[in-house]
Amino acid sequence: MKYTVDRSDNAATVKLHEDRLDASNSGDLKGELLILCSAGIEVLFIDLSEVNYCDSTGLSALLLAHREMKNAGGYAILVALSDKVASLIEIAQLDRVLYIYRSREEAVADLEGSAPESEDEVL
């Protein structure tokens, strides 16, 4: 699986350099996400700008990051979703659970403005 990780202060950004997030690579992503979630960061950004296809195993990896970061008192935030991936997340009604933003900058601005009190307050 091709990806990059950028860490700064209390945040990390994982950018996937894959066209697909599916059974062939979601296990590797889960492993990396678990490591990052336990690294003491407060915010984990997952940049999906290069991902054009995602299946249920990919969604499972994203949900894992959300759950682990929430349990640690932080946030897993998905950014830059393609239309196809965003549509799949909406069909699965996971847009009601996951934190999703158009860009990392938009998410940071929202976090700096005020932390959401409930998941419903995030896009």
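Taken as a whole, the stretch 37-51 holds no residue that is buried (at least 19 other Cβ atoms within 10 Å of the Cβ), among the hydrophobic types (A, V, I, L, M, F, W, C) and over 19 Å from Thr4 (Cβ atoms).
Yes or no, residue by residue, for (1) in contact with a helix residue (DSSP H, G or I) (Cβ under 7 Å, 6 or more places away or on another chain); (2) part of a helix (DSSP H, G or I); (3) not charged (D, E, K, R):
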site	(1), (2), (3)
Ser60	yes, yes, yes
Leu64	yes, yes, yes
Arg67	no, yes, no
Ala76	yes, no, yes
Ala86	no, yes, yes
Glu105	no, yes, no
Val108	no, yes, yes
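When Arg104 is tested against (1) among the charged types (D, E, K, R); (2) at pLDDT 95 or above; (3) crowded, with 16+ Cβ neighbours inside 10 Å, exactly one condition is not met: (2). Working carefully through the options Ala61, Ala65, find the one that is over 19 Å from Leu111 (Cβ atoms), under 12 Å from the mean Cα position of the chain (by Cα) and in contact (Cβ under 8 Å) with a residue 24 or more places away in the chain. Ala61 is the lone residue from the list that is over 19 Å from Leu111 (Cβ atoms), under 12 Å from the mean Cα position of the chain (by Cα) and in contact (Cβ under 8 Å) with a residue 24 or more places away in the chain.
Identify all residues within the stretch 21-31 that are charged (D, E, K, R) and either buried (at least 18 other Cβ atoms within 10 Å of the Cβ) or within 13 Å of Leu59 (Cβ to Cβ) (or both); write none if there are none.
Asp22, Lys30
The values are calculated or read from the model by the stated rules, or taken from the named source; none is laboratory data. Because the structure is a prediction, the values reported are computed rather than measured. Note that we place each Cβ from the backbone using ideal geometry, even for glycine, and neighbour counts take in every protein chain shown.
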